[in-house]
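Data block below; observations after.
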Amino acid sequence: MNNICDMLQINYPIIQGGMGNISNAPLAAAVSEAGGLGTIGCGTMSPEEVEEIILSTKRLTDKPFAINIAITVTEYTEELITLAIKHNVPVVSLSAGNPAPYIPLLHEHQIKVIAIVAAVKHAMKAEAAGADILVAEGFEAAGINSNLELTTFTLIPQIVQQVNIPVLAAGGIGDGKGLAAAMMLGASGVQMGTRLIATKEAPFHDSYKQHLLEANGTDAMIIGRSLGRIRRVLRTEYANKIHDLEQKGISLEEYSKLTSEEHHIKGALKGDLDDGFLNSGQVAGLIQSIPSVRELFQGMMEEANEQVSNIGKQMKSYNII
């Protein structure tokens, strides 16, 4: 198994998922400072907005961090790649599109490339194109999701079996048990998003964090399935409104307006749950505290080690090993 920590120059095999237009320097820097790989999600932001976050992150940490570019979401892919090169960002993750055209230029500048995938065929194509690392994202994950609806538990071993580069598991992971399970399935580490919202350093509205604390496993609902635009969000009045409109035959244009980044920002940053939504993965049902990022990571590593040790003891008791 390739050592993801050596490749990314981090202490723990944990990376932050891109959070689109609500990305920010404080959380990305806190993740990197705590030993993981912080990530700035570019979303639909302009290059000028992203550059400001990159510079702010650099002021807060001298540790490695990444930027995530959603290729078919942004109109600035080339400009954002130029930004990464300009500011010596050591890692770029590419999602929502074909990463192949952009990998050679990034490699020319010694930038590691992570490709976000949701199926074996995508993983194999990304590896063939030169991606250094894959993030295999299951259907449990928050936000815009794959229409393939493959779960993390089934997706990871399928991809690991078919590729030779490191695979990180994403979707439904928020504690040490999830980290241990992902690695048992063959993953080299994990990517987390929702769990990092509920941390002390995350500069999101208190109502967002409180909703995560109060959520159960069924409070992360799907909207947009009938339109082929699947998004997993927390169950709120606004999300229920969109779901009800969808049942009545909402147009794709109207749905896109209601789920734009404007409404994402209103919910996540301003706490306006009458006119804004909250992205959330199914892992919300496991969130019971708001630790610092460092406390979260240290606790996860300790719990993962404990789980692996306990499994070894169990297996021996079955006279299997």
The strands (runs of 3 or more DSSP E) lying entirely within the stretch 94-199 that contain at least 1 residues which are of a type in the set (S, T, N, Q) are 189-192
Given the options Lys270, Lys266, name the one that is outside the structural domain of Thr44 (by TED's automatic domain parsing), modelled with pLDDT of 90 or more, surrounded by 15 or more Cβ atoms within 10 Å (Cβ to Cβ) and among the basic types (Lys, Arg). Lys266
The condition from (1) more than 17 Å from Asp132 (Cα to Cα); (2) in contact with a Cys (Cβ under 9 Å, 6 or more places away or on another chain) that Asn68 misses is numbered (1)
The lone exception for Arg231 - which of (1) touching a residue at least 40 places away in the same chain (Cβ under 8 Å); (2) under 30 Å from Arg294 (Cβ atoms) it fails: (2)
Flag if Asp6 is assigned to a loop (DSSP other than H, G, I, E, B) and either under 23 Å from His107 (Cα atoms) or of a type in the set (Lys, Arg) (or both): no
Checked pairs for the stretch 85-100, first among the β-branched types (Val, Ile, Thr), second assigned to a loop (DSSP other than H, G, I, E, B) and surrounded by 16 or more Cβ atoms within 10 Å (Cβ to Cβ), C-beta under 6 Å and 6 or more apart or across chains, list as Val92/Ile111
Filter the stretch 266-321 for residues that are in a helix (DSSP H, G or I), without any contact (Cβ under 8 Å) to a residue 12 or more places away in the chain and among the acidic types (Asp, Glu) and give the result. Glu295
Checking the condition under 25 Å from Arg232 (Cβ atoms), surrounded by fewer than 24 Cβ atoms within 10 Å (Cβ to Cβ), under 15 Å from the mean Cα position of the chain (by Cα) and not hydrophobic (A, V, I, L, M, F, W, C), which residue from Gly17, Gly43, Gly38 passes? Gly43
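Consider Glu237 carefully, then state whether it is surrounded by fewer than 16 Cβ atoms within 10 Å (Cβ to Cβ) and modelled with pLDDT of 95 or more.
Details: surrounded by fewer than 16 Cβ atoms within 10 Å (Cβ to Cβ): yes; modelled with pLDDT of 95 or more: no.
So Glu237 fails the test.
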Those residues of the stretch 31-80 which are within 17 Å of Asn21 (Cβ to Cβ) and among the aliphatic types (A, V, I, L, M) amount to Ile40, Met45, Val50, Ile53, Ile54, Ala66, Ile67, Ile69, Ala70, Ile71, Val73, Leu80
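I'd like to know if the stretch 67-80 contains one or more residues that are in a helix (DSSP H, G or I) and aliphatic (A, V, I, L, M). Walk me through it before giving the result.
Just the residues of the stretch 67-80 that are in a helix (DSSP H, G or I), to begin with: 77-80.
With the extra rule that they be aliphatic (A, V, I, L, M), the set shrinks to 80.
Yes, that holds for at least one residue.
The values are calculated or read from the model by the stated rules, or taken from the named source; none is laboratory data. Everything numeric in this text was worked out from a predicted model, so none of it was measured. Quick reminder, even Gly has a Cβ in these numbers, built from the backbone with ideal geometry, and neighbours come from all protein chains shown.
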